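The values are calculated or read from the model by the stated rules, or taken from the named source; none is laboratory data. Just so we're clear, the structure is a prediction, and the values are computed from it rather than from any experiment. Cβ atoms come from the backbone with ideal geometry, glycine included; neighbour counts cover every protein chain shown. Each accessible area value is taken on the protein alone, full model and side chains, heavy atoms only, with ligands, DNA and RNA left out. Shrake-Rupley method; radii C 1.70, N 1.55, O 1.52, S 1.80 Å.
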Amino acid sequence: MKVLFVNPAVGYYTRAISNPLGLMALASYIRKKGHDVRLLDRCVKKINLVKEIDDFAPDAIGISLMSGRGLKDCGKISEIAKKKNIPVIAGGYFPTMSPELILGEGLADFVVLREGELSFEELILALRDKKPTENIKGIAYKKDGKVYITEDRPFADLSLFPEIDWTLVRPEDYFQTFFNCTKMLYLYSSKGCPGRCTFCSNHFYNRSCFRKRPDETVLSEIRYLVENHGMNGVYFSGELWNLTKADARSFCERVKEEKLKFTWGMLSKVGQYDYDDFAAFYDAGCRFICFGVESGNAEMQKKLKKNVNLEKGRETFSSCKKIGITSVVSFMIGLPDETEEQLKDTLSYIKSIDATINLIYLFTPVENTDIHNELVSSGKIKKSFDGLSFYKKYITMENPGYNFSHIPTKELKVIKAYFDWKSFSGKESVNGSYSYAFAVQTIVNGLKAISKKGVISFVFDAFRALKTFLGVFYYSHMFPAILKKYELKQR
């Protein structure tokens, strides 16, 4: 089978373009199974789809959707495919969360749910041989106007999957500036997390199941990228880097044995590691770790089922600072029924910790999470697949203007802007790299993202980026009374 994989364009976006890791993993597997594969990333370059499809003549088209941002382009791709009678298979986070929407709106003929490798190949073989698809595990399809979801497919052993084939793309298109490195790429060493946080879809998408890739596979990919493309940084993008200290230490020893020159970072849980662990990570090249605390209020911690030991957090971030590891800590404000006092607890906690960067997000409910389902049950929001126009507005992973807390929206915006500006304008160096490191990487990555779209799009997106910047400046500087109310020092 000839399969064309497409990463759809996502429109206005000033963050750095990330390599489509899930789509690359799927395409690598399908190629390894003997199929003819091509991968197009429309986030990197505007490609003439009609010409590309006519040239390659695929038997099937696979589209990856990680958020609602790709819906518009997905529609364009599907429209072209239908005219040429080519089946479209959608997969990724977004279609898995809402297969009814994707199929109901005619954006695809099939949806592959969750991990796609095994289901996708079984599906394209069935299409090739004109066999029934109803009994294929882990897919959704539409028949006689009704959407059907087949039996779940058990997760595979990740050691059965091949290395990611980086010849499918041009790695240089995805290099990012990130603290101590200028050529950072996203890789994955694991999937899933055993947690059950009420705001996170992990328990639905990954069934709260953690799986680890073999270290030798991951390090082989890294060696290829370092030696052939000059990569000097890796962000391990899995929900949780490692589950045990033993696995974490083992990986560090393997990195040192390989003698590869690259820095790296990952996502971790507060309390998972101690000072000696962080020292071992640093010795193996780790220079940044991202932690999710979300709230500094004990009651809200229980509600979120995050259950972070806040005192342990202080110890964790202090250890990272002493060792030289950048700690990036995320918090959410405007949580459902959050009060001013609970918000003040979070702000007080942020001021009490030694984190390098504190990232503040306005709460946005995510499909198929406990909080989302509660909001739907209470009538505060609609089910997002009630209509495509509603979905485009709602589930873009950005706050659409909803506020379910007891805190005025303006105050939430001021607080978020305050910390955004504080991170952006911070003069101190990060790990001794250079002054204004966070500002530099934000500007460089933003320019890289919007410069890939042509002159007209560049001007348009640059204007919107400037508008966003001025919005942050305005909210962070023009409301001293709000800053005083929450005991935030005006900058």
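List of remarks:
- Positions within region 169-186 being over 26 Å from Ile289 (Cβ atoms) and either open to solvent by less than 20 Å² (accessible area, probe 1.4 Å) or in a loop (DSSP other than H, G, I, E, B) (or both), in sequence order: Val169, Arg170
- If the condition is being within 24 Å of the chain's Cα centre (by Cα) and either open to solvent by less than 10 Å² (accessible area, probe 1.4 Å) or polar (S, T, N, Q) (or both), then region 47-67 contributes Ile61, Gly62, Ile63, Ser64, Leu65, Ser67.
- Restricting Gly296, Gly313, Gly271 to residues that are among the small types (Gly, Ala, Ser), open to solvent by 30 Å² or more (accessible area, probe 1.4 Å), farther than 23 Å from Gly230 by Cβ and in contact (Cβ under 8 Å) with a residue 40 or more places away in the chain narrows the list to Gly271.
- Being under 23 Å from Met24 (Cα atoms), under 26 Å from the mean Cα position of the chain (by Cα) and open to solvent by 20 Å² or more (accessible area, probe 1.4 Å) holds for only one residue in Pro95, Pro162, Pro87, Pro99, and it is Pro162.
- Selection from region 460-491 of residues that are modelled with pLDDT under 90 and under 20 Å from Tyr349 (Cα atoms): Lys489, Gln490, Arg491
- Against the numbered list (1) in contact with a Leu (Cβ under 7 Å, 6 or more places away or on another chain); (2) buried (at least 18 other Cβ atoms within 10 Å of the Cβ), Ala108 comes up short only at (1).
- Strands (runs of 3 or more DSSP E) completely within region 263-352 that count 3 or more residues being farther than 27 Å from Glu487 by Cα: 263-268, 286-294
- Looking only at region 272-312, and only at residues there that are out of contact with any Asp or Glu (no Cβ under 6 Å at 6 or more places or on another chain) and among the polar types (S, T, N, Q), the one that is farthest from Asp370 (Cα to Cα): Gln272
- Residue ID - most open to solvent (accessible area, probe 1.4 Å), chosen from residues in region 353-370 that are more than 26 Å from Tyr486 (Cα to Cα) and either at pLDDT 95 or above or touching a Lys or Arg at 6+ places or on another chain (Cβ under 9 Å) (or both): Asp370
- Here Arg223 meets each of (1) surrounded by fewer than 16 Cβ atoms within 10 Å (Cβ to Cβ); (2) in contact (Cβ under 8 Å) with a residue 40 or more places away in the chain; (3) over 20 Å from Leu267 (Cβ atoms) with one exception, condition (2).
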